[in-house]
Structure formats: C-alpha cells, structure tokens
Amino acid sequence: MQLRRILSVVLPSVFGVIALTAEAAAAAKVGSSTARAAVECHYQHTGTDFGFGYTAVLKVTNTGSDPANGWWVEFDLPPGVVIETTHSARFSPSRSGHIQANAPAWLPNLAPGGSANVGFNGSKPVGTSLVVSNVTLNDVPCTS
C-alpha cells in the first residue's frame, strides 16, 4: 500500500519533468533546424606578394553577441594560388580554390569580440593578385 501511494505521488512529478524538458527542447527548434547562434564576423586580409609567392594572414573577428564555438573559416583563393604551409588553424586537405580552416585545439571558441589569425604561405603565378573572397565564419558571411 505504501508503495502505491509513493508511486502515485512521484510518477506524475517525474512525467511532468519529462514533459517540461521535451517542451524546452522543442522550443529551441526553429522550423526543422536548431536555432542558430548570433554570430557575425568581420575579416581583414593582409599579405606580402613576392611575385611568384606570398605570405598572408586572414584575421577573422566574431562581431556577434554569441561565441563561435568550434569555429571554422571558409574562403576562396584565385585560380593558380596554392597554399603550401599553414599556421594558427587546421586546414582542410584542399590547398587551392575553396579553403576551409578549422579552429586549432588551443583556440576552440571565439568569444564575442574575439579574433583569430589564420596564416598561410604559398605560390602563385606572377601577376596574379593575392585576394581572398567569400569569407565566412561558421557559414555566416563576413564583411571586410
């Protein structure tokens, strides 16, 4: 008898907590995808052109109100521009064209106002401008 009374009191409470948790999880969804953090970004590209090669740094700053956790940066390089060495990020296998650089272990998150320098060196055809385009932070377009 005691067990039935205890269960009659405890079980409705447990199911209520489960229902509230499920409602909170559903509220975090927008349509069919999870709500996106408020990440915005700005980038600055600097480099030295040696004619046949270059050294460059792409500084990306999180200008949004939320941290960019597990951040990655993507950008495009002109045809013929090849990355040969990198620093301050983990680069995807592609070394030309569309590039993805992922957060290094020592800087996994970019707090609001935080920035990261993504550095790379390489070769290019003489006369080719060293420009980056279509820069994004966690798939959010950046302004220059």
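The values are calculated or read from the model by the stated rules, or taken from the named source; none is laboratory data. Since the model is a prediction, treat every value here as computed from it, not as a measurement. Cβ coordinates were reconstructed from backbone atoms using ideal geometry, including for glycine residues, and neighbour counts include every protein chain displayed.
Table for the structure above
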item: Meets criteria (at pLDDT 95 or above, within 21 Å of THR143 (Cα to Cα) and not aromatic (Phe, Trp, Tyr)) for GLY113; result: yes
item: Strands (runs of 3 or more DSSP E) contained entirely in segment 46-144, each with at least 2 residues that are touching a Phe, Trp or Tyr at 6+ places or on another chain (Cβ under 7 Å); result: 53-62, 82-87, 98-102, 115-123, 133-137
item: Filter result for SER133 (in the same structural domain as ASP49 (by TED's automatic domain parsing), exposed (fewer than 14 other Cβ atoms within 10 Å of the Cβ) and either under 19 Å from THR48 (Cα atoms) or touching a helix residue (DSSP H, G or I) at 6+ places or on another chain (Cβ under 9 Å) (or both)); result: yes
item: Number of the exception - HIS98 against (1) loosely packed, with under 12 Cβ neighbours inside 10 Å; (2) modelled with pLDDT under 95; result: (2)
item: Test for LEU77: is it under 11 Å from the mean Cα position of the chain (by Cα) and modelled with pLDDT of 95 or more; result: no
item: Qualifying residue in segment 55-64 (condition: modelled with pLDDT of 95 or more and more than 22 Å from PRO141 (Cβ to Cβ)); result: yes
